[in-house]
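Engineer: Have a look at this one before I ask anything.
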Amino acid sequence: MRVLFIAFAAMFCGAKNCSDIWRFGQEKEAMLRQVLALAHGIPSHDTFSTLFRKLVPTAFAEAFAGFMRHVASAAGGAGQIALDGKSMRGAFEKGRQFAPRMMVSAWGAQLRMTLAALPAQSGNETKAAIELLPLIDLRGAVVTADALHCSAQMAEEITRRGGSYVLALKGNQKLLLADAERLMAGRPTPKAALAVTEEVSHGRLERRAARVVRAPGLGRKHGFAGLAAIGEVKRTRVIDGKRQEECCLYVLSRPMSANDLLAVVRRHWDVENGLHRQLDVIFREDDCRTRKDHGPENLALLRRFCLNTFRADSKKDTMLGKMMRAGWNDAYLFQLMTQMQ
């Protein structure tokens, strides 16, 4: 536990790998002795490295998710949960740049925190996402995911655990997609049932139009548990005078208004800016070259916990600003260490 405590504290201050964690311990030994019994001093770099290489990431992930279940419960429930995978581009064995390690995260879109995360063994993101679901309390939650995760198995697992889903539908489900397209083409929607938003920003115009059509019998035909409706979002972008159009379909396990569909679809993509971008920009995850045994996955879980803690902290500052404050101010660092208790 002392080793983990030092590792958490070091990552709050910007440590990227086990060498950084050891350097942090060396420089902050006097401060750490105020709260830790360090009879043999600060552990060596090899000790930190061995811990993270040997620690079973699935057990670490279960502990992480168990803690976050309490956080979500205290906040009134998980709300919307976005599933998405992220590669750790620097974490690959020599000569295997094409196969970096990957973590699949369950992002609480309203909480703006990672609720759970698991390594994708052999890069199998879809299998890891399904294995991730039992770690989360899905009762009353809406699970969203891109088309990679649109499968009968995913739909079954979500509904069995008390959740509902909004899953992007594309060519990997050809028969269901064809039926959904025919359904939408044969059901003209009154203007009153459409939801439309328009935004103009930085010289770009973006228009979104959404509608939802009930789909009785479609779920039974294709073996999709709970499938109740098909949602459609048409996007039109005008950038520097060039027009781009896109139409996306979604399978829904419960009917919702077109306005709600627009909100759910937009919130899903916060996983990119709220999680993935922060991991790369603030914690430099893609630059980390830790690659042996379970080291990459365990450090990835540590980063997600630290990011959650920064978000829970009420101080008005950027993520990078909070990290800098933690490095400069020991009192603030200890406040962060107790923030999620």
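The values are calculated or read from the model by the stated rules, or taken from the named source; none is laboratory data. No experiment lies behind these values; they were computed from the predicted model shown. With ideal geometry, Cβ positions are generated from the backbone for all residues, glycine too; neighbour counts draw on all protein chains shown. Heavy atoms of the whole protein, side chains included, go into the accessibility calculation; ligands, DNA and RNA do not. Shrake-Rupley method; radii C 1.70, N 1.55, O 1.52, S 1.80 Å.
Engineer: Give the residue that is nearest to R112 (Cα to Cα), with candidates limited to residues of region 271-288 that are touching an Asp or Glu at 6+ places or on another chain (Cβ under 7 Å) and open to solvent by 10 Å² or more (accessible area, probe 1.4 Å).
Structural biologist: Per the stated criteria, the residue is D280.
Engineer: Here's something else I'd like to know. Which condition from (1) outside any strand (DSSP E or B); (2) closer than 18 Å to C150 by Cα is the one that V233 breaks?
Structural biologist: Only one criterion in (1) outside any strand (DSSP E or B); (2) closer than 18 Å to C150 by Cα is unmet by V233, namely (1).
Engineer: Answer yes if at least one residue in region 164-174 is closer than 13 Å to I81 by Cα and more than 18 Å from the chain's Cα centre (by Cα), and no otherwise.
Structural biologist: No; the residues of region 164-174 include none that is closer than 13 Å to I81 by Cα and more than 18 Å from the chain's Cα centre (by Cα).
Engineer: Do you know which residues across region 280-326 are in contact with a Lys or Arg (Cβ under 6 Å, 6 or more places away or on another chain) and either aromatic (F, W, Y) or modelled with pLDDT of 95 or more (or both)?
Structural biologist: F283, F310
Engineer: Which residues, counting only those in region 168-208, are polar (S, T, N, Q) and either outside any helix (DSSP H, G or I) or under 26 Å from I239 (Cα atoms) (or both)?
Structural biologist: T189, T197, S201
Here's the yes/no breakdown for (1) open to solvent by less than 20 Å² (accessible area, probe 1.4 Å); (2) touching a residue at least 40 places away in the same chain (Cβ under 8 Å); (3) not in a loop (DSSP other than H, G, I, E, B):
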site: V3; (1), (2), (3): no, yes, yes
site: A7; (1), (2), (3): yes, yes, yes
site: Q26; (1), (2), (3): no, no, yes
site: A30; (1), (2), (3): no, no, yes
site: Q34; (1), (2), (3): no, no, no
site: A37; (1), (2), (3): no, no, no
site: S49; (1), (2), (3): no, yes, yes
site: F64; (1), (2), (3): yes, yes, yes
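Engineer: A further question on this structure: Pull up region 246-260, narrow it to residues that are assigned to a strand (DSSP E or B) and open to solvent by 70 Å² or more (accessible area, probe 1.4 Å), then point me to the one that is nearest to E199 (Cα to Cα).
Structural biologist: That would be E246.
Engineer: For region 317-332, give me each residue that is within 14 Å of L279 (Cα to Cα) and either open to solvent by less than 80 Å² (accessible area, probe 1.4 Å) or of a type in the set (D, E, K, R) (or both).
Structural biologist: M319, M323
Engineer: Among R204, R214, R243, R235, which is open to solvent by 50 Å² or more (accessible area, probe 1.4 Å) and under 28 Å from A152 (Cα atoms)?
Structural biologist: Exactly one residue qualifies, and that residue is R214.
Engineer: Those residues that are under 19 Å from G217 (Cα atoms) and loosely packed, with under 13 Cβ neighbours inside 10 Å, I need them from region 170-186; list them, please.
Structural biologist: Passing the criteria: K174, L175, A178, R182, A185, G186.
Engineer: Among the residues of region 289-314, write down those that are hydrophobic (A, V, I, L, M, F, W, C) and open to solvent by 10 Å² or more (accessible area, probe 1.4 Å).
Structural biologist: Answer for region 289-314, where residues must be hydrophobic (A, V, I, L, M, F, W, C) and open to solvent by 10 Å² or more (accessible area, probe 1.4 Å): F305, A312.
Engineer: Right, here's the next one. Right, L135: surrounded by 18 or more Cβ atoms within 10 Å (Cβ to Cβ) and either more than 17 Å from R254 (Cα to Cα) or within 27 Å of the chain's Cα centre (by Cα) (or both) or not?
Structural biologist: Taking the combined requirement at face value, the residue satisfies it.
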